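To start, the structure under review is shown below, and the notes come after it.
The values are calculated or read from the model by the stated rules, or taken from the named source; none is laboratory data. Since the structure is predicted, the reported quantities are computational estimates derived from the model, not experimental observations. Counting neighbours? That spans all protein chains shown, and the Cβs are built from the backbone with ideal geometry, glycine included.
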Amino acid sequence: MAFKLIDLPYPSDGLAPAVSAETLSYHHGKHHQAYIDKTNAAVAGTDLEGQPLEAVVASARGSNQGLFNNAAQSWNHGFYWHSMAPDGGEPSAELAQLIDAAFGSLDDLKTKLAERGAGHFASGWVWLAEKGGKLSIEETHDGDTLADLDFNPLLTVDVWEHAYYLDHQNRRPDYLDKVINEKLNWKFASENLARGETWKYPA
């Protein structure tokens, strides 16, 4: 069964002005769709056809860079759409406790996420992740992902230029400020923590 472009979990204007409907039309409708299409084409007729996306990512890591890039980007974008919400709510009690232990407070975590995102060189992703009952901020470059690594990713922020350029031009910190302070989906992060294992791309 071929992978599909997942629907956005909110209206196309639901993240504005942090992320506009125009940006989502390109980023979701064209960029993400292209990664899905290229992944499907690469696995067609192979042993990976019909496997979960996470298995494709893991199999391709270190052995097929082209497939890895497209499969990982397919997964990353699906996770990213869910990492944001028009009203992200608040962390669960369990997540709030871990945030305080690792960063001091939710506000301190937001500041550190923004700093890491602004300082990330070139393209990539900034993640809030859990491992061994502790939280950390992780960075992956280009199309790399935490989907198949020894972390439980809770949230991610895309720092590729196409994620923000139509709305904020070269002002990545402005994009990060609005997304991190206004649109992060703490309900999703709390669910990922409670589940205790990595989110799965919908079949």
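Scanning the range 105-139 for residues that are over 21 Å from residue 178 (Cα atoms) and out of contact with any helix residue (DSSP H, G or I) (no Cβ under 8 Å at 6 or more places or on another chain) turns up 131, 132.
Here residue 76 passes the criteria (1) touching a Leu at 6+ places or on another chain (Cβ under 8 Å); (2) closer than 24 Å to residue 53 by Cα; (3) not assigned by TED's automatic domain parsing to the domain that holds residue 175 except the one numbered (1).
The set of residues in the range 123-159 being among the acidic types (Asp, Glu) and more than 11 Å from residue 113 (Cα to Cα) consists of 130, 142, 144, 148, 150, 158. Counting only residues that are in a helix (DSSP H, G or I) and surrounded by 13 or more Cβ atoms within 10 Å (Cβ to Cβ), the range 91-127 holds 19 of them. All conditions but one from (1) in contact with a Ser or Thr (Cβ under 8 Å, 6 or more places away or on another chain); (2) over 26 Å from residue 12 (Cα atoms); (3) of a type in the set (A, V, I, L, M, F, W, C) apply to residue 147; the one that does not is (2). The set of residues in the range 134-189 that are part of a loop (DSSP other than H, G, I, E, B), within 23 Å of residue 26 (Cβ to Cβ) and among the charged types (D, E, K, R) comprises 142, 144, 171. Criterion applied to 182, 130 was being of a type in the set (D, E, K, R), surrounded by fewer than 18 Cβ atoms within 10 Å (Cβ to Cβ), in contact (Cβ under 8 Å) with a residue 60 or more places away in the chain and not assigned by TED's automatic domain parsing to the domain that holds residue 50, and the one residue passing it is 182.
Residues of the range 77-116 that are more than 23 Å from residue 9 (Cα to Cα), without any contact (Cβ under 8 Å) to a residue 24 or more places away in the chain and not hydrophobic (A, V, I, L, M, F, W, C): 97, 100, 104, 105, 107, 108, 111, 115, 116.
Of all residues in the range 1-25, those being of a type outside the set (D, E, K, R), surrounded by fewer than 16 Cβ atoms within 10 Å (Cβ to Cβ) and modelled with pLDDT of 95 or more number 6.
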